[in-house]
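Asker: Here it is: the structure, laid out below.
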Amino acid sequence: MNPYVPVVNQKISFCKMLLNEGIKKNRFSKKKAAVQIQAALFQSAIYHLESAYIFYLKEIGHTYRCKDIESINSLKKLQSALININKIATEHDELELLLKDEQSWLSLLLAEYKKLSLPLSLITKKNNDHSLTLLEVKQLDDNIIVEFIDVDDWLNNFKEILTRNRNLMHEC
């Protein structure tokens with residue numbers, strides 16, 4: 001059995017629990033402390049979903065018997081690992097198509113994840129044309145429910161890919 005399958009499943013489960021809790025908390029409280037908890041839940045859900053994606057790349061690498069699976073932490077590294085063993089993975093190709101589309105759920109997820117590691121001053125800093133340089137920081141108010149729902153959609157899209165690809169692997 002692929003040792004990465006349960007890790008991916010666990011990260012997905014954690015993400016779903018955090019999203020459910022965040023949506024529930026948003027409906028019942030508007031206190032400042034509750035808003036901060038919502039932000040923590042939202043960011044934690046993003047971290048777990050991105051982590052599930054990285055472990056899924058490792059899962060693909062293990063399935064195709066790539067070498068040095070632990071070094072796979074991006075789609076490019078998975079591609080290199082596959083090239084090194086002369087393999088082509090349709091899973092890789094599907095993810096690559098998603099990453100080429102800047103508005104795909106995967107591109108949006110990875111952009112949101114990257115934003116979490118940046119100082120707030122870099123996220124909100126305006127450039128010369130008065131537009132925001134990265135993603136606009138939303139106020140932690142009613143908009144956060146939309147953000148939780150967006151991440152929930154990303155999670156569901158990811159689960160669809162996992163289910164489809166895992167079923168195909170079992171058929172082979």
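The values are calculated or read from the model by the stated rules, or taken from the named source; none is laboratory data. Source: prediction; values computed, not measured. Neighbour counts are summed over all protein chains in view; Cβ atoms, including those assigned to glycine, are modelled from backbone coordinates with ideal geometry.
Asker: It is to be established whether one or more residues within the range 26-42 are among the hydroxyl-bearing types (S, T, Y) and at pLDDT 95 or above.
Answerer: No, that holds for no residue.
Asker: What are the residues in the range 43-97 that are within 20 Å of F158 (Cβ to Cβ) and among the acidic types (D, E), if any?
Answerer: Within the range 43-97, E50, E59, E91, D93, E94, E96 qualify.
Asker: OK, next. Is the range 23-46 home to any residue that is surrounded by 16 or more Cβ atoms within 10 Å (Cβ to Cβ) and under 21 Å from I161 (Cα atoms)?
Answerer: Yes.
Asker: Quick check: anything in the range 71-86 closer than 20 Å to P3 by Cβ, of a type in the set (G, A, S), at pLDDT below 95 and buried (at least 16 other Cβ atoms within 10 Å of the Cβ)?
Answerer: no
Asker: If I filter the range 112-125 for residues that are buried (at least 18 other Cβ atoms within 10 Å of the Cβ) and under 26 Å from P3 (Cα atoms), do I get at least one hit?
Answerer: no
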